[in-house]
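Every read-out reported here was derived from the displayed coordinates using simple, explicitly stated rules and does not represent laboratory data. No experiment lies behind these values; they were computed from the predicted model shown. Because the Cβ atoms are built from the backbone with ideal geometry, glycine has one as well, and the counts that use them run over all protein chains shown.
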Amino acid sequence: MKHIFVTGGVVSSLGKGLTAASIGTLLERRGLKVTLQKFDPYLNVDPGTMSPFQHGEVYVLDDGAETDLDLGHYERFTDSKLTGFNNLTSGQVYQRVLDKERRGDYLGKTVQVIPHVTDEIQKRIREIGKKTGVDVVITEIGGTIGDIEGLPFVEAIREFALDAGRGNVLFLHVTFVPFIKAAGELKTKPTQQGVAKLREIGITPDILVCRCEKPLSKEHRQKLSLFCNVPYEAVIEEMDVEHSIYEVPLMLQREGMDNLICQQLGLDTPPADMAHWQDIIRKLIKPRHRVRIGVVGKYVELQDAYKSVYEAVIHGGVANDCGVEIKRIDAEDIEKNGAAKTLEGCSGILVPGGFGERGTEGKIQATQFARENNIPYLGLCLGMQIATIEFARNVLKLEGAHSTEFDPATAHPVIALLDEQQKVTEKGGTMRLGSQPCKLEPGSLVSRLYDSEEIHERHRHRYEFNNTYREAFETAGLTFSGTSPDGKLVEIVEVPWHPFFVASQFHPEFKSKPNKPHPLFEGFIAAAHACGHLKST
Ligand code: GLN
C-alpha cells in the first residue's frame, strides 16, 4: 500500500483539499483504488459543534460523521467511500490517549506527545489502509507547517515514512508563490522558508505544488528546485483556475503530476482517461444555457458555509448544460427590502439548512414569494421546515405558526423537536445524523426525479414536522411525498400545483457529484431554466 501525505506551507486557504482530491481523481482514472483522509490539528473532537464562521460547512457522511468540508471535495472528486474514520482531529487523538492512560494501558510510563500521541496517529494511518484495502491512501494534514498544534501530525508522518520505506511514501507540499505587483514578479522566498521549516522536522518534499496567479518561469522552477531540494520536474505549477475547481485535475495532469506520483511510488498503470471529466468542464465553461439561482441564507458572505449546496447547484447545471449564476442573498436583506425586490431576476430560489432564529422571517418571505409566483423552489433541511411554516401561516392561516426551535411558545408548533431528541443534553454528535431510508409517494414529482420509490439520504437535524398537523396540511393540498419507511417522519414536502416546489428534511447536496448530479438539483435547475425562459419570452 502506498501513501501520499499532503502538507501546506506559507499560508492557509491554498486549496490543499482540492489538490488532494484532484490527485485522487487522476489516480482513480489510472485504475487505482484510493481513499482520502484529513487530519485536523484542532482540539475539537469533530467540527460538528463549530460555527460556520469558524469552520465553514460541516460535511456529513453516510455513517453520520460530522466532518471537515474537505471530505466533501474528496467525495465529489472521487468514488472513494468515506466514513468518520477518514477525518481525525487532535481532539480524537488526545481523547484516545487519555482514555488509555486512565485505563492504565501505559503501565506506569510517562505519557508524552512523542511517542504516545504520534504512535496513535500512525496507528490510524495503518488502520485506514487495512480497513479500505486501497492501492493508495492520500492523507491531508490540515493547517500550515509551522503551526504548533500541527507538529505531532508532521512528526508522526515522518516516523511513519521511516517505517514504511521511502518507496511507499510520498510527501507532497502545497505552497504559495505570491506575485508582488510593485515588483512585477513572482517571489519564491516564502516557499524556500516554508520548506526549510518542513526540513527542520526531517521531511523533504518529493513534490512541490506551487499555487500561483501567474505561470512559473523556467528560472523560478530552477530556483525552487535548488533551494527546496526538490527535483526540477517535481516543481509543479498550480495556477488559480479561471472557471471552475473541477479544472484542477486536468491542470495537474498537464503538469505531469500523476505520472510523477506513479513513477515515484512504483505504480505501473496506464495514463488517466479524463475524457468524461473534460466533457463536464466543457459544460461548465461553455454552457448552452444560463440561469440565475438565489440562495437565501444567513452566512452568504462566507465562501464555505454552503459549500456543498453551491457545488450541487452547479452539478445540477452540468446535467442541464446550463451555467448557473448563484446570487447569495442575506435573508435579513429580504426582511429589510422585501422579497420581490431582493429576489428580482432569480429563476429559482433555494433555502439551505441552518440553525438559530436570525433571518428566519426573511427566509419565510422568500419561500412565500417563490410559492405564490410559481418560481422553482428547493428547500433543504431548515429550508423544508421554513416551507412548512410558510404554508401553515399563509395557506392554513395558522397565525404565528413556527418551529419550537425559534419560538418555544408558538400557538402552532408545526415543526417540533424529534421524540428521540427530548432527552438529549450534549451537543456533540447528538443530532439525527447520517443516511436514513426514505420512501417516496408513487407518482409524486420526487419519485419521478429519483426514478425510484426508495432512497437513502443524509440528515443532520433535531427538529421535524409535527404530525398533529399532517391532515390539515394534506387537506390544503401539500403533498408529503417522502417519509421514513414507517411513515412517521416527514422527509419531503411538495406543492403539487407548482412548477417545482420541493423541500427535503435531508441534505441531498452531500451526495451530488459533478459526474453524478443529484436528481433533486438536476430537476430544480431544469425547472428554473424552463421558468426563466417563460418569463423572458
Ligand atoms: N435547525 C434545524 C434542526 O435542527 C435544521 C437543521 C439543518 O438545517 N441542518 O432541525
Volume per residue of the C-alpha convex hull in the chain, rounded to whole Å³
167 Å³
Paramagnetic reach from D304 in the range 144-176 [backbone N under 18 Å; point 7 Å along Cα→Cβ]
144-151, 174-176
How are the alpha carbon pair distances in the range 40-106 distributed across 5 Å bins from zero to the largest one, expressed in percent?
4, 17, 23, 21, 15, 10, 6, 3, 1
Need the C-alpha centroid separation for the range 92-115 versus the range 6-34, integer Å.
32 Å
Rounded D (µm²/s) - the range 457-537, Kirkwood Rh over Cα pairs, Stokes-Einstein at 20 °C, 1.002 mPa s
148 µm²/s
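So in the chain, what percent of DSSP beta bridges are antiparallel if you round to the nearest 5?
Counting DSSP beta bridges with both partners in the chain, the antiparallel share is about 30 percent.
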Normalise the Cα radius of gyration of the range 321-385 by 2.2 N^0.38 Å (N = residues in it) and let me know the number.
1.06
For the range 411-485, just the Cα atoms, rotate onto the principal axes and tell me the three extents in Å, largest first.
41, 32, 15
Cα atoms only: what Rg and Dmax, in Å, come out for the range 195-304?
18.3, 53
Divide, for the range 292-449, the radius of gyration over alpha carbons by 2.2 N^0.38 Å, where N is the residue count.
1.09
Which loop trypsin sites (Lys or Arg not before Pro) in the range 173-233, with loop taken from DSSP, have no more than 16 other Cβ atoms within 10 angstrom of their Cβ?
K181, K187
Count of Lys pairs (Cα-Cα under 25 Å; at least 8 positions apart or interchain) in the range 389-537
9
From the gyration tensor of the Cα coordinates in the range 229-370, what semi-axes in whole Å does the equivalent ellipsoid have, largest first, with each one equal to sqrt(5λ)?
41, 17, 12
May I ask for the Kirkwood hydrodynamic radius of the range 386-527, worked out over all distinct Cα pairs and given in angstroms to one decimal?
15.9 Å
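Which FRET efficiency value, to the nearest 0.05, do you get for K516 and K109 by plugging their Cβ-Cβ distance into 1/(1 + (r/R0)^6) with R0 = 51 Å?
According to the calculation, E is roughly 0.55.
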Taking K123 as the anchor, which aspartates and glutamates have their alpha carbon closer than 20 Å to its alpha carbon, excluding any fewer than eight residues away along the same chain?
D40, D46, D99, E101, D105, D135, E140, E149, E155, E159, D163
Sort the following peptides by mean Cβ neighbour count (other Cβ atoms within 10 Å, averaged over residues), highest first: 380-388, 109-117, 363-371.
380-388, 363-371, 109-117
What share of Cα pairs, in percent, lie more than 16 angstrom apart in the range 352-422?
45 percent
Using Cα centres only, tell me the gap between the range 420-494 and the range 369-410 in whole Å.
15 Å
